[in-house]
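**Student:** Encoded as structure tokens, here's the structure I'll be asking about.
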Amino acid sequence: MSTDTAVGPSGREVRQTHRVVIRFAGDSGDGMQLTGDRFTSEAAAFGNDLATLPNFPAEIRAPAGTLPGVSSFQLHFADYDILTPGDRPDVLVAMNPAALKANLADLPHGGVLIVNTDEFTKRNLAKVGYESNPLEDDSLDPYTVHQVAMATLTRGALEPTGMSKKDAERAKNMFALGLLSWMYHRGTEGTEQFLREKFAKKPELAEANILAFRAGWNYGETTESFAVTYEVAPARLAEGTYRQITGNLALAYGVVAAGQQAKLPVFLGTYPITPASDVLHELSKHKGMGVTTFQAEDEIAGIGAALGASFGGSLGVTSTSGPGVALKSETIGLAVALELPLLILDVQRGGPSTGLPTKTEQADLLQAMYGRNGEAPVPIIAPQSPADCFDAALDAVRMALTYRTPVFLLSDGSIANGSEPWRIPDVDALPDLSVTFATEANAPDGSGEFWPYLRDADTLARPWAIPGTAGLEHRIGGLEKADGPGTISYDPDNHDRMVRLRQAKIDGIEVPDLTVHDPDGDAEVLVLGWGSSYGPIGAACRRVRAAGLSVAQAHLRHLNPMPRNLGDVLRSYRRVVAPEMNLGQLSMLLRARFLVDAHSYTKVAGLPFQAEELAGVLTDAVKGDLPA
Amino acid sequence: MTATDLPTPAVGGLDLVPTTDEQQKAKDFTSDQEVRWCPGCGDYAVLASVRSFLPELGLRRENIVFVSGIGCSSRFPYYLDTYGMHSIHGRAPTIATGLAVTRPDLSVWVVTGDGDALSIGGNHLIHALRRNMNITILLFNNRIYGLTKGQYSPTSEVGKVTKSTPMGSVDAPFNPVSLALGAEATFVGRALDSDRKGLTEVLRQAAAHRGASLVEIFQDCPIFNDGSFDVLRKGDDVAERLIKLVDGEPILFGNEGEYGVVRSASGGLEVARVADVGEDAVVVHHADEQDPTQSFALSRLSDQDLTHTITGVFRKVDRPTYDDGARAQVAAAKEQAEARGDNLDALLRGKDTWAVLPEPENEQ
């Protein structure tokens, strides 16, 4: 990874490197997420490209020092545009034996390992099944190990504060952050400012954390144990103003922006669920932007209230994860029948049932596609990265409002919590989503009546006539409606026609054609993914091409309806590979729709694909070595 | 944002709903849909009462919305020429909640039944009452599942023999008034479908109440539970069974007012002959009493065998509504946002940004 070497001001060697992957790992209570977040902010402020992968247990505080209690945060930062949080860390910070044990296998030989030695007690070692202390035997010989008594050093640094030993030790994560900040030439002011703001109400805690942070920094600077420091130059991203953003934050901003662009009040009806709750938390802060949030008694009430708000002329939104979608299904079916706009944000997690609440998976595709009674088509859009959640939300709302339909947006745990730089859009260039409510009677027979199911000839959308509009009083509901007048109809031909009309409306939604990236122009293998696997697939393609092979990449953003040219694209390649974090749900759709022999590569491990493994799969595909 | 003090309702339930000077009649609220309940169904009587009551409110027709769930009574909205939604089983209060929060200019009504509201939708009912949503809930209680052809319901008496309980049901029923009071309801009333005067009076007060109003309507299902409330309609002892609450008045009943409701030794309420206990011993009804204890005791006066059945308004108290509170927070936040000059651009930018300059200038 290193390219240039120089000598820095402290007489230490400074290596210029293009990219680094750091993983902070510790106990759930050690503050690893905060530490990682903070380092990420510094990398962002410095202008690096970056991608992050938080990985934490579902338990808030699993028993201390155990393997299930390990929480980690991986950060990949670079001086060029990167696509993933990195397969394996270059640097692993292990705050206790459990963190070491759970993460060491991912550290390549030669990697840097920074260990908090204070936690390597007999008891803690025994807790995770270490028979001998790895710091004392030869098991860590393949790595560059730095043993640092972080708790002791932090305690020492905080002695003047008069804090208890136990309280003082809690700041050891800031010691680790200080040390890493020194190693990578990051500034200290940003973090100190952050700590002062975070602990504004408890200035003594702010000062304690700053002391620990500085102690870590100074430890690097003054001790001889770290011979090398590293510099990663700012990345040359496209011109613009950037900020760091997680997928859930981008989703929430997308919803706020959609409300503004549609000139509609936003109503979020929802129920807390991991990993979607942050969307509720964020939107709750933006009442000033016309957002009302309603924490309902359950998932069903959340979407019911959102649908009621849509009926009343608001932009109704509900946010959830897979188990919540299961509960909302009947109401989604009602929204299909009512033909009202509704945005359903599904931040997917590991399933079935409660599954892996804090881990990622893409296994709700078929649930979103088909998980309702009757023929109940719903458009589906899937963002490909954290920042992309913003654009996807706007596009989802466009579909919902234009076609008067519920729309699924399928995010997932990895992009919901992961972050990357986001080029802040010019708000004047955001799409106009304004809608027109019906105000006039429309019956074609000139009777002066209002027909709620008389469709627009182009979009097949029905009029949106909101209560309070004189002369348009009408009743809608889940019973089948007569095509046009919208009265209850049990007529067999009418039902057949309505089923086909609802399908035709969704099939006719305008979505952009699929674009294929094939820099060599001669690829015979196409890799087609959807959603959050964009990063690892893209990184894998780079590796394959760097090895001199050709591979074409395309990524499905619109899963329903699919791009019009998808069939032609698929048929123009000798081989199609579809990697998914499920058991082949997209592949099944591709095979069924296009009779294309798509090769499904699947992994359902609760973690994103690694670029290395996908590169292997693609290389095999290009060389014709894939199993049939 | 700091917590906003919730406003105590200063207005009535309909004060934010636009009114009309136009003379309205029951016919104006009648849609062109043919009513398809079974002959003799109590729903007809309720529909007629509601149609003839609505003009009294003087509201613009387009600002009234009826939302229903699933069941016989849930067809109700189709027969009224207002806005309406026939939603899904048990979920009408959720739809009504979204409407009530976002549209203070609407009069929102929920029409539901004993199965819809108390079985599949029990959770939504109690939470709508707890939050004190500004909606009026008409709970048609016929103590049976009609639309699915005659299974017992959560208000059926123990031992009910139905298609699904050929040996009699074994589970204890809900008392909807007790349940509503337990769920912190601010308005609870009860009426009999055939008693147009009594029903209209309860509806009048329910509509005027700001907050969630629950009106239980005893209603006959002539097909699957025929005559279930007949003891309250005909026979010699109707006057000894039916107790009509009058706010501020002693609770007396019987042909000559010879019976009264008095405190029992156990701290609850019981029925006594006035001649035996004296008029002063008869409790006076106060619907606006904050403490729900007496209202609750009234709801438990007799078992569901209808020995003593109370109609009228059990409880009517003021408490902040969720929808007013939620709107007040949004309004306050908007005011603060405007004062600060907040806008979408500033939101998206946040605090920590960095600039990437065009390529040539970016070279170091």
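**Student:** Looking at A:A200, A:A151, A:A176, can you tell me which residue is modelled with pLDDT of 95 or more and out of contact with any Gly (no Cβ under 7 Å at 6 or more places or on another chain)?
**Tutor:** Being modelled with pLDDT of 95 or more and out of contact with any Gly (no Cβ under 7 Å at 6 or more places or on another chain) holds for just one of A:A200, A:A151, A:A176, which is A:A151.
**Student:** Output yes when any residue across the range B:349-359 is of a type in the set (F, W, Y), surrounded by fewer than 20 Cβ atoms within 10 Å (Cβ to Cβ) and either touching a Cys at 6+ places or on another chain (Cβ under 7 Å) or within 14 Å of chain A (Cβ to nearest Cβ) (or both), and no when none is.
**Tutor:** Yes: the range B:349-359 contains one or more residues that are of a type in the set (F, W, Y), surrounded by fewer than 20 Cβ atoms within 10 Å (Cβ to Cβ) and either touching a Cys at 6+ places or on another chain (Cβ under 7 Å) or within 14 Å of chain A (Cβ to nearest Cβ) (or both).
**Student:** Report, by residue number, each residue of the range B:101-113 that is more than 8 Å from every other protein chain (Cβ to nearest Cβ) and either hydroxyl-bearing (S, T, Y) or more than 14 Å from the chain's Cα centre (by Cα) (or both).
**Tutor:** Residues satisfying the conditions are B:P104, B:S107, B:T112.
**Student:** Among the helices (runs of 4 or more DSSP H) contained in the range A:154-246, which hold 3 or more residues that are of a type outside the set (A, V, I, L, M, F, W, C) and either more than 14 Å from every other protein chain (Cβ to nearest Cβ) or in contact with a Pro (Cβ under 6 Å, 6 or more places away or on another chain) (or both)?
**Tutor:** Fully inside the range A:154-246 and qualifying: A:165-169, A:172-183, A:203-222.
**Student:** Now for a separate question. Which of the following residues is free of Cβ contacts under 8 Å to residues at least 40 places away in the same chain and touching an Asp or Glu at 6+ places or on another chain (Cβ under 6 Å): A:S489, A:S550?
**Tutor:** A:S489
**Student:** Would you confirm, using the coordinates I've provided, whether B:P18 is modelled with pLDDT of 90 or more and under 27 Å from A:V291 (Cβ atoms)?
**Tutor:** Taking the combined requirement at face value, the residue satisfies it.
Residue by residue, here is whether (1) open to solvent by less than 10 Å² (accessible area, probe 1.4 Å); (2) within 11 Å of another protein chain (Cβ to nearest Cβ); (3) touching a residue at least 12 places away in the same chain (Cβ under 8 Å); (4) assigned to a loop (DSSP other than H, G, I, E, B) holds:
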position: A:A438; (1), (2), (3), (4): no, no, yes, yes
position: A:N442; (1), (2), (3), (4): no, no, yes, yes
position: A:G446; (1), (2), (3), (4): no, no, no, yes
position: A:W451; (1), (2), (3), (4): no, no, yes, yes
position: A:I476; (1), (2), (3), (4): yes, yes, yes, no
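**Student:** Considering only the range A:15-29, how many residues are in a strand (DSSP E or B) and open to solvent by 10 Å² or more (accessible area, probe 1.4 Å)? Steps first, please.
**Tutor:** At the first step, the residues of the range A:15-29 found to be in a strand (DSSP E or B) are A:15-17, A:19-27.
Now narrow it down to the ones that are open to solvent by 10 Å² or more (accessible area, probe 1.4 Å): A:15-16, A:19, A:23, A:27.
Number satisfying all stated conditions: 5.
**Student:** If you scan the range B:20-69, which residues turn out to be hydrophobic (A, V, I, L, M, F, W, C) and facing chain A (nearest Cβ under 10 Å)?
**Tutor:** Our first condition is that a residue be hydrophobic (A, V, I, L, M, F, W, C); within the range B:20-69, this holds for B:26, B:29, B:35, B:37-38, B:41, B:45-48, B:50, B:53-54, B:57, B:59, B:64-67.
If the condition is that a residue be hydrophobic (A, V, I, L, M, F, W, C) and facing chain A (nearest Cβ under 10 Å), then B:F29, B:I64, B:V65, B:F66, B:V67 are the ones that fit.
**Student:** Would it be correct to say that A:V569 is surrounded by 20 or more Cβ atoms within 10 Å (Cβ to Cβ) and assigned to a strand (DSSP E or B)? Give the steps one after another, and end with the answer.
**Tutor:** Details: surrounded by 20 or more Cβ atoms within 10 Å (Cβ to Cβ): yes; assigned to a strand (DSSP E or B): no.
It is false that A:V569 is surrounded by 20 or more Cβ atoms within 10 Å (Cβ to Cβ) and assigned to a strand (DSSP E or B).
**Student:** Restricting to the range B:328-342, count the residues that are facing chain A (nearest Cβ under 9 Å) and open to solvent by 50 Å² or more (accessible area, probe 1.4 Å).
**Tutor:** 8
**Student:** Please verify whether the range B:29-45 includes one or more residues that are free of Cβ contacts under 8 Å to residues at least 24 places away in the same chain and touching a strand residue (DSSP E or B) at 6+ places or on another chain (Cβ under 6 Å).
**Tutor:** Looking for residues that are free of Cβ contacts under 8 Å to residues at least 24 places away in the same chain and touching a strand residue (DSSP E or B) at 6+ places or on another chain (Cβ under 6 Å), one finds none in the range B:29-45, hence no.
**Student:** Among the candidates B:D116, B:D81, single out the residue that is open to solvent by less than 20 Å² (accessible area, probe 1.4 Å) and either at pLDDT 95 or above or within 9 Å of chain A (Cβ to nearest Cβ) (or both).
**Tutor:** Selected residue: B:D116, the only one of B:D116, B:D81 that is open to solvent by less than 20 Å² (accessible area, probe 1.4 Å) and either at pLDDT 95 or above or within 9 Å of chain A (Cβ to nearest Cβ) (or both).
**Student:** Going by what's in this entry, would B:D32 be described as more than 25 Å from B:N132 (Cα to Cα) and modelled with pLDDT under 95? Explain how you work it out, then say what you get.
**Tutor:** Working: more than 25 Å from B:N132 (Cα to Cα): yes; modelled with pLDDT under 95: yes.
Yes: the conditions hold for B:D32.
**Student:** Which one is surrounded by the most Cβ atoms within 10 Å (Cβ to Cβ) among residues in the range A:30-88 that are assigned to a helix (DSSP H, G or I) and of a type in the set (V, I, T)?
**Tutor:** Selected residue: A:T40.
**Student:** Taking B:L54 as meeting all but one of (1) farther than 19 Å from A:G308 by Cα; (2) touching a His at 6+ places or on another chain (Cβ under 8 Å), write down the number of the exception.
**Tutor:** With (1) farther than 19 Å from A:G308 by Cα; (2) touching a His at 6+ places or on another chain (Cβ under 8 Å) applied to B:L54, the lone miss is (2).
**Student:** Looking for something part of a helix (DSSP H, G or I) and either open to solvent by 10 Å² or more (accessible area, probe 1.4 Å) or free of Cβ contacts under 8 Å to residues at least 12 places away in the same chain (or both) - is there at least one such residue anywhere in the range B:211-232?
**Tutor:** Yes, there is a match, as at least one residue in the range B:211-232 is part of a helix (DSSP H, G or I) and either open to solvent by 10 Å² or more (accessible area, probe 1.4 Å) or free of Cβ contacts under 8 Å to residues at least 12 places away in the same chain (or both).
**Student:** Restricting attention to the range A:265-281, which residues are over 17 Å from B:N343 (Cβ atoms), more than 9 Å from chain B (Cβ to nearest Cβ) and open to solvent by less than 40 Å² (accessible area, probe 1.4 Å)?
**Tutor:** Residues satisfying the conditions are A:L268, A:T270, A:I273, A:P275, A:A276, A:S277, A:V279, A:L280.
**Student:** Name every residue in the range A:254-263 that is facing chain B (nearest Cβ under 10 Å) and not in a helix (DSSP H, G or I), in order of residue number.
**Tutor:** none
**Student:** So which of B:D345, B:D324 is surrounded by 19 or more Cβ atoms within 10 Å (Cβ to Cβ) and part of a helix (DSSP H, G or I)?
**Tutor:** B:D324
**Student:** A further question follows. Can you name the number of the only condition in (1) closer than 30 Å to A:A554 by Cα; (2) open to solvent by 40 Å² or more (accessible area, probe 1.4 Å) that A:D518 fails?
**Tutor:** Among (1) closer than 30 Å to A:A554 by Cα; (2) open to solvent by 40 Å² or more (accessible area, probe 1.4 Å), A:D518 violates only (2).
**Student:** I've got another one for you. Which of (1) over 25 Å from B:I126 (Cα atoms); (2) touching a Gly at 6+ places or on another chain (Cβ under 8 Å); (3) among the hydroxyl-bearing types (S, T, Y) does A:T222 not meet, given it meets every other one?
**Tutor:** For A:T222, the exception is condition (2).
**Student:** If you scan the range A:577-612, which residues turn out to be free of Cβ contacts under 8 Å to residues at least 40 places away in the same chain, in contact with a Pro (Cβ under 9 Å, 6 or more places away or on another chain) and open to solvent by 40 Å² or more (accessible area, probe 1.4 Å)?
**Tutor:** A:S600, A:Y601, A:T602, A:K603
**Student:** Yes or no: the range B:249-259 includes at least one residue that is part of a strand (DSSP E or B) and hydroxyl-bearing (S, T, Y).
**Tutor:** Taking every residue of the range B:249-259 in turn, at least one turns out to be part of a strand (DSSP E or B) and hydroxyl-bearing (S, T, Y).
**Student:** Would you mind telling me which numbered condition in (1) assigned to a helix (DSSP H, G or I); (2) open to solvent by 20 Å² or more (accessible area, probe 1.4 Å); (3) among the hydrophobic types (A, V, I, L, M, F, W, C) A:L251 fails?
**Tutor:** (2)
**Student:** Taking the options A:G288, A:G308, name whichever one is touching an Asp or Glu at 6+ places or on another chain (Cβ under 9 Å), at the interface with chain B (Cβ under 8 Å from one of its Cβ atoms) and either without any contact (Cβ under 8 Å) to a residue 60 or more places away in the chain or surrounded by fewer than 23 Cβ atoms within 10 Å (Cβ to Cβ) (or both).
**Tutor:** A:G288
**Student:** Next question. Among the listed residues B:A191, B:A185, B:A92, which satisfies the condition of being aliphatic (A, V, I, L, M), within 21 Å of B:S49 (Cα to Cα), at pLDDT 95 or above and crowded, with 24+ Cβ neighbours inside 10 Å?
**Tutor:** After ruling out the rest, the residue left standing is B:A191.
The values are calculated or read from the model by the stated rules, or taken from the named source; none is laboratory data. As the structure is a computational prediction, the values presented were derived from the model and not from experiment. FYI the Cβ positions are ideal-geometry reconstructions off the backbone, even for glycines, and counts take in every protein chain you see. With ligands, DNA and RNA removed, areas are computed over all heavy atoms of the protein, side chains included. Shrake-Rupley method; radii C 1.70, N 1.55, O 1.52, S 1.80 Å.
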